[in-house]
Amino acid sequence: MQGIRRPTLSEARLESVLETAPDGIIVMDEGARILVFNKACESLFGYNAAEVIGENVRILMPQAHHDNHDLYVQRYRATGERRIIGIGREVEGRRKDGSIFPLDLSVGEAQTPNGRQFIGVIRDLSARHETERRLASVQADLIRVTRVSALDEMGSVLAHELNQPLTAIMLYLQALEREVHRIQVTHSRLEPRASELLGKATREAQRAGSIIQRVRQLVEKRAPERKNANLNAVVDEALELAMLGRQRSVYLRRFGQMQLPGVLIDTVQIQQIVLNLTRNAIEACQREADPTVTVTTWAEGDIVCLSVADNGPGIPAERMRTLFNAFRSEAGTGMGIGLTISRAIAQNHMGELLVDPGGDGKGACFTVRLPAAVDTAAENRDSIAAMPMAAAAEADKS
Amino acid sequence: MTVHIVEDDDGVRDALSELCRSVGRTVQVYPDSEAFASGAKVEPDDMVLVDIGLPGEPGTEVVRRVSKLPMPPKVIVISGLPLADIHHAMREFSNVLVMRKPLTSELLALLA
């Protein structure tokens with residue numbers, strides 16, 4: 001290229017193409033010696049053209065591929081079988097400083113008066129790989145967070161669900177004990193067997209109660225702090241996660257009232273509700289011609305609301321009965337547990353999760369209502385100290 | 001004197017009323033806060049047992065309503081909620097007795 005003679009017009013054109021091409025271009029001969037190394041290659045690999053022209057192309061590959069490359073070239077020359085030529089694939093390159101990076105390599109072949117030559121076009125994949133890696137790590141984080149928090153919520157939901165019948169059992173036993181006592185007094189007849197069995201039943205019920213308390217304490221110890229947050233921002237972030245990696249198969253509409261009052265929430269838990277509802281909504285309307293999920297936030301006095309609506313077929317009446325009762329329904333579908341947990345989270349925030357089942361051409365709509373944050377955390381703490389708690393003595397034992 | 005029980009769980013509500021009757025109390029039951037608001041006639045020497053985690057209007061509304069009476073009766077809040085949430089829900093009430101589910105014989109002591 002640095003001839004004494006003036007370059008011809010086509011040579012000059014080729015030169016300018018090589019220098020301005022955004023992709024790396026390498027031309028090598030049949031012996032794998034580098035003939036052309038363009039500007040883009042210089043910045044990709046960190047070598048000047050002068051340093052590599054005439055060298056074996058192996059210099060641009062990780063050590064591990066050196067021998068292989070010679071074999072590849074030999075095999076192609078012997079068999080004519082194409083492994084990369086005209087196909088292109090993802091391979092590794094090695095920079096001058098020794099660092100390895102992923103690249104997309106396409107190879108073409110040309111017959112020239114000087115013999116067969118190979119043209120390689122190289123595109124750096126580091127950036128794309130980095131994006132993919134970040135995406136994967138965000139997704140992994142999300143899965144981990146939701147799993148941990150789902151486990152916590154499962155624990156507390158389970159404890160709560162079991163606690164209710166157990167509370168009833170213990171109260172019935174106490175009432176029964178009174179009844180037995182009354183019979184003994186009024187008929188002046190002793191019932192030692194009945195008293196003994198009642199005592200045993202009461203002890204076992206208390207044992208179940210203390211197990212539930214231990215589960216509850218375990219969960220409560222990890223209970224994350226509530227902070228004053230803007231529901232719009234919390235919802236937007238969750239929606240970003242919900243749509244992450246999803247093909248644009250669903251149209252997501254987002255309406256938000258500006259300047260919402262703050263809410264005192266555990267943002268991860270509330271985002272879990274949003275994720276849950278959004279995923280359910282996407283699933284519900286997937287078969288529609290124009291699947292659309294609408295997420296709206298607004299305030300009603302001192303209640304901050306969030307709704308997730310879909311344009312699917314709605315929820316059939318027979319499903320409505322057990323919709324929120326994952327632990328009571330026969331078939332505990334994933335959606336049921338998700339909704340049970342979502343409702344528990346909403347209720348734990350002194351809010352509620354309501355559903356409009358839709359039907360008759362209308363999709364389902366779930367609404368979360370949360371109380372707006374009233375005042376500062378400091379006031380909050382004072383009243384904890386001031387509140388007398390009788391049966392809360394159990395909390396001190398922990 | 002009557003014990004007013006505001007509790008949404010059927011089992012717990014019935015068990016509470018059985019226990020109250022076993023110690024000779026008259027009992028009125030309400031499945032939610034709204035039913036209490038529209039139907040309860042509360043006397044000064046009555047007692048109100050209320051769950052905070054109610055569907056619809058929270059149980060704290062019952063506490064608020066009762067505490068506004070000229071001669072408020074005794075109120076006992078029962079709850080299966082995590083402690084932090086009980087504290088949060090009850091932050092504006094400083095003199096209300098709270099009992100966590102499952103309820104122990106302390107309740108019986110209060111009723112007797």
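Worth a mention:
- Pairing each residue of region A:163-179 that is among the hydroxyl-bearing types (Ser, Thr, Tyr) with any residue that is not in a helix (DSSP H, G or I), provided the two are 6+ apart or on different chains, yields C-beta distances under 6 Å for A:Thr167/B:Lys101; A:Thr167/B:Pro102; A:Thr167/B:Leu103.
- Residue within region A:231-252 that is modelled with pLDDT under 90 and more than 22 Å from the chain's Cα centre (by Cα) present: no
- Residue within region A:81-93 that is touching a Leu at 6+ places or on another chain (Cβ under 8 Å) and touching a residue at least 40 places away in the same chain (Cβ under 8 Å) present: yes
- Considering each residue of region A:74-91 in turn, at least one proves to be surrounded by 13 or more Cβ atoms within 10 Å (Cβ to Cβ), modelled with pLDDT of 80 or more and within 37 Å of the chain's Cα centre (by Cα).
- Of all residues in region A:158-180, those satisfying the criterion of being more than 7 Å from chain B (Cβ to nearest Cβ) and within 13 Å of B:Leu19 (Cβ to Cβ) are A:Ile169, A:Leu173, A:Leu176, A:Glu177.
- Yes/no for A:Ala78 being over 20 Å from A:Val52 (Cα atoms) and in a strand (DSSP E or B): no
- Counting the residues of region B:82-102 that are closer than 22 Å to B:Leu19 by Cα and facing another protein chain (nearest Cβ under 7 Å) gives 6.
- All of B:Ser105, B:Ser79, B:Ser33 fail the test of being without any contact (Cβ under 8 Å) to a residue 12 or more places away in the chain, within 23 Å of A:Leu171 (Cα to Cα) and within 14 Å of chain A (Cβ to nearest Cβ), apart from B:Ser105.
- Residues that are surrounded by fewer than 18 Cβ atoms within 10 Å (Cβ to Cβ) and within 17 Å of B:Gly80 (Cα to Cα) within region B:33-55 comprise just one, B:Pro55.
- Checked against (1) more than 7 Å from chain A (Cβ to nearest Cβ); (2) in contact with a strand residue (DSSP E or B) (Cβ under 8 Å, 6 or more places away or on another chain); (3) surrounded by fewer than 18 Cβ atoms within 10 Å (Cβ to Cβ); (4) without any contact (Cβ under 8 Å) to a residue 40 or more places away in the chain, B:Lys68 meets all criteria but (2).
- Identification of helices (runs of 4 or more DSSP H) wholly contained in region B:7-112 with 2 or more residues that are closer than 23 Å to A:Pro165 by Cα and touching a Leu at 6+ places or on another chain (Cβ under 6 Å) yields B:10-22.
- B:Val27 meets all of the listed conditions (1) within 14 Å of another protein chain (Cβ to nearest Cβ); (2) in contact with a helix residue (DSSP H, G or I) (Cβ under 9 Å, 6 or more places away or on another chain); (3) under 23 Å from B:Ile86 (Cβ atoms) but one, namely (3).
- For B:Ser17, the requirement of being facing chain A (nearest Cβ under 10 Å) and at pLDDT below 90 is not met.
- Tallying residues that are within 15 Å of A:Tyr251 (Cβ to Cβ) and outside any loop (DSSP other than H, G, I, E, B) within region A:284-308 yields 8.
The values are calculated or read from the model by the stated rules, or taken from the named source; none is laboratory data. This structure is a prediction, so every number in the text was calculated from the model and none was measured. For neighbour counting, all protein chains shown are included, and Cβ atoms are generated from backbone atoms with ideal geometry for every residue, glycine included.
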